[in-house]
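Right, one structure below, let's go through it.
The values are calculated or read from the model by the stated rules, or taken from the named source; none is laboratory data. Here the structure is a predicted model, which means the values were calculated and not measured. When we count neighbours, we look across all protein chains shown, and the Cβ atoms used for this are built from the backbone with ideal geometry, even at glycine. Surface areas here come from the heavy atoms of the whole protein model, side chains and all, with no ligands, DNA or RNA. Shrake-Rupley method; radii C 1.70, N 1.55, O 1.52, S 1.80 Å.
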Amino acid sequence: MIELSYFAAAVLFILGLKRMSSPKTARGGIVWAGAGMVVATFATFFMPDMGNYGLMILAILIGGGAAWYTGKKVAMTDMPQMIAIYNGMGGGAAAAIAAVELLKGHFDNSTFQVLAVAGALIGSVAFSGSMIAFAKLQGLMKKSFHFPSQQAINLVVFGLAIAFGLYVMFAEAPGGFALFMFFALALAFGVLMTLPIGGADMPVVISLYNALTGLAVAFEGFVLGNAAMIIAGTVVGSAGTLLTQLMAKAMNRPLTNVLFSGFGAVEAESSAGPEGEMKEIGAADAAVMMAFANKVIIVPGYGLAVAQAQHKIWELSEMLEEQGVDVKFAIHPVAGRMPGHMNVLLAEAGVPYDKIYDLEEINAEFPQADVALVIGANDVVNPVARNDKSSPIYGMPILNADQAQNVIVVKRGRGRGFSGIENGLFFLDNTRMLYGDGQEVAAKLIAEVKQL
Ligand code: NAP
């Protein structure tokens with residue numbers, strides 16, 4: 001019955017993941033995967049030799065309660081750091097399992113012992129690395145941190161962790177000290193590896209640690225002979241690896257470059273700011289410009305999510321369409337603060353999928369657009385990514401909003417984007433700034449279009 005329950009849980013995980021691949025079914029997918037987790041957790045209570053039921057229930061209540069509370073409370077825009085902390089916990093849990101098994105010290109065969117040590121190493125790195133990623137995204141620590149000979153020191157710490165790992169693996173009775181050193185060095189490596197990575201690269205790193213957590217869980221699943229852990233870990237590991245690759249590609253950066261170059265950490269002020277001045281426009285003029293356009297491309301960004309302006313923007317688009325305007329939404333793969341952020345928000349507001357275009361699909365259309373309405377987006381339309389090698393976002397493909405006939409940028413003031421750099425788009429001759437909170441501006445635009 002236990003094995004059957006684990007099989008059912010595995011099927012639920014996989015189907016849940018499948019459903020998450022489309023914004024339409026994504027919410028359902030989360031519920032399916034969650035149900036799988038409930039089944040797997042429940043079945044574990046019936047495993048032979050399970051003592052400590054009281055402790056198990058207490059742990060579930062504490063962990064579940066904390067997750068429930070934070071999950072309810074977290075703002076959509078703070079989701080990446082929450083994902084970082086939850087992922088990290090998974091890696092930490094896998095490492096803790098390994099610690100217990102290694103302390104017990106009797107393995108059915110040596111392969112399991114190797115897997116236990118490998119899982120412990122990977123899980124510890126994922127745990128401590130994710131905590132640093134959390135602290136950076138939450139603004140608790142500086143976005144990047146450098147000291148001399150950083151890469152060499154990291155390499156030494158990693159080498160020492162491996163050496164203690166090998167000792168733990170092959171010594172007759174490794175003892176508590178060797179185990180302690182092994183875990184301490186593995187945890188330290190996770191911290192050191194994450195310190196120099198710049199804030200703009202954090203999403204890729206979080207996704208990588210997610211994949212590592214999956215791998216660690218799968219390894220420990222072998223050690224415990226637990227099929228649910230093996231399957232869930234493998235699914236998380238492979239999904240995380242794919243996501244990491246997709247995100248690195250979206251930023252046009254090989255993963256090694258993200259991890260080892262300290263790129264994305266270039267100080268914001270290092271490059272000279274763009275020249276010219278920003279020209280303002282009022283809601284009335286902006287409404288006229290859009291209502292009498294043939295084609296308007298809307299570029300939503302993180303600020304749209306902050307302002308929760310998705311419903312109003314869709315209402316505005318529908319009104320423009322009634323006036324005969326061709327309206328399209330252009331989504332950059334890293335717009336917002338997590339993969340798929342904008343797609344989910346627009347889907348929530350009821351924007352049909354055939355109006356939503358990816359970067360590659362829409363970029364060629366900007367020159368034919370009369371207006372590009374950039375709302376709460378900054379980095380993803382920053383032309384500096386094309387030509388300024390010193391810029392932290394150099395090489396990242398961007399939406400070519402600057403090539404539209406006219407650009408209207410909605411934002412509250414002179415706030416920078418996630419990467420902390422100035423945006424030349426705002427200073428172009430064909431750009432007008434429409435200042436205000438995204439939702440309030442959208443409401444004003446709706447009111448103005450109504451009057452036309
Ligand atoms: P962005 O570069 O972070 O810029 C957002 C802009 O929105 C800011 O300049 C801000 O200017 C404006 N804003 C903030 N609140 C607003 C409000 N209430 N109303 C109107 N405007 C508001 O956003 P983005 O262009 O979407 O780029 C995303 C960035 O996040 C990229 O650098 C990406 O690498 C990074 N990132 C992405 C992910 C992912 O997986 N998608 C995850 C983490 C980080 P004001 O303050 O002047 O209003």
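For segment 97-149, residues that are part of a loop (DSSP other than H, G, I, E, B) and either over 25 Å from Ile206 (Cα atoms) or not hydrophobic (A, V, I, L, M, F, W, C) (or both) total 13. Hey, does segment 161-177 have a residue that's free of Cβ contacts under 8 Å to residues at least 12 places away in the same chain, open to solvent by 10 Å² or more (accessible area, probe 1.4 Å) and not in a helix (DSSP H, G or I)? Scanning segment 161-177 turns up at least one residue that is free of Cβ contacts under 8 Å to residues at least 12 places away in the same chain, open to solvent by 10 Å² or more (accessible area, probe 1.4 Å) and not in a helix (DSSP H, G or I). Based on this model, can you work out whether Ala248 counts as in the same structural domain as Ala126 (by the TED database) and modelled with pLDDT of 95 or more? When the stated conditions are applied, Ala248 does not pass them.
A single entry from Ala84, Ala35 fulfils the requirement of being touching a residue at least 24 places away in the same chain (Cβ under 8 Å), assigned to a helix (DSSP H, G or I) and surrounded by 15 or more Cβ atoms within 10 Å (Cβ to Cβ): Ala84. Taking (1) under 28 Å from Pro339 (Cα atoms); (2) loosely packed, with under 13 Cβ neighbours inside 10 Å in turn, Ala59 satisfies each apart from (1). Report whether or not Ile206 is assigned to a helix (DSSP H, G or I) and either under 16 Å from the mean Cα position of the chain (by Cα) or of a type in the set (Ser, Thr, Tyr) (or both). In short, yes.
Yes or no, residue by residue, for (1) open to solvent by less than 50 Å² (accessible area, probe 1.4 Å); (2) touching a strand residue (DSSP E or B) at 6+ places or on another chain (Cβ under 6 Å); (3) farther than 30 Å from Tyr302 by Cα; (4) assigned to a helix (DSSP H, G or I):
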residue	(1), (2), (3), (4)
Phe158	no, no, yes, yes
Phe183	yes, no, yes, yes
Pro196	yes, no, no, no
Met202	yes, no, no, yes
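Results for (1) open to solvent by 10 Å² or more (accessible area, probe 1.4 Å); (2) within 8 Å of the ligand (Cβ to nearest atom); (3) of a type in the set (Val, Ile, Thr); (4) assigned by the TED database to the domain that holds Asp201, shown as yes or no for each residue.
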{"position": "Ile375", "(1), (2), (3), (4)": "no, yes, yes, no"}
{"position": "Pro383", "(1), (2), (3), (4)": "yes, no, no, no"}
{"position": "Asn387", "(1), (2), (3), (4)": "yes, no, no, no"}
{"position": "Ala404", "(1), (2), (3), (4)": "no, no, no, no"}
{"position": "Val407", "(1), (2), (3), (4)": "no, no, yes, no"}
{"position": "Gly413", "(1), (2), (3), (4)": "yes, yes, no, no"}
{"position": "Ser419", "(1), (2), (3), (4)": "yes, yes, no, no"}
{"position": "Phe426", "(1), (2), (3), (4)": "no, no, no, no"}
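Taking the conditions exactly as written (within 10 Å of the ligand (Cβ to nearest atom), buried (at least 17 other Cβ atoms within 10 Å of the Cβ) and at pLDDT 95 or above), does Ile313 satisfy them or not? Considered against the rule, which asks whether it is within 10 Å of the ligand (Cβ to nearest atom), buried (at least 17 other Cβ atoms within 10 Å of the Cβ) and at pLDDT 95 or above, Ile313 comes out as no. The residue that is nearest to the ligand (Cβ to nearest atom), counting only those in segment 282-310 that are open to solvent by 20 Å² or more (accessible area, probe 1.4 Å) and of a type in the set (S, T, N, Q), is Gln308.
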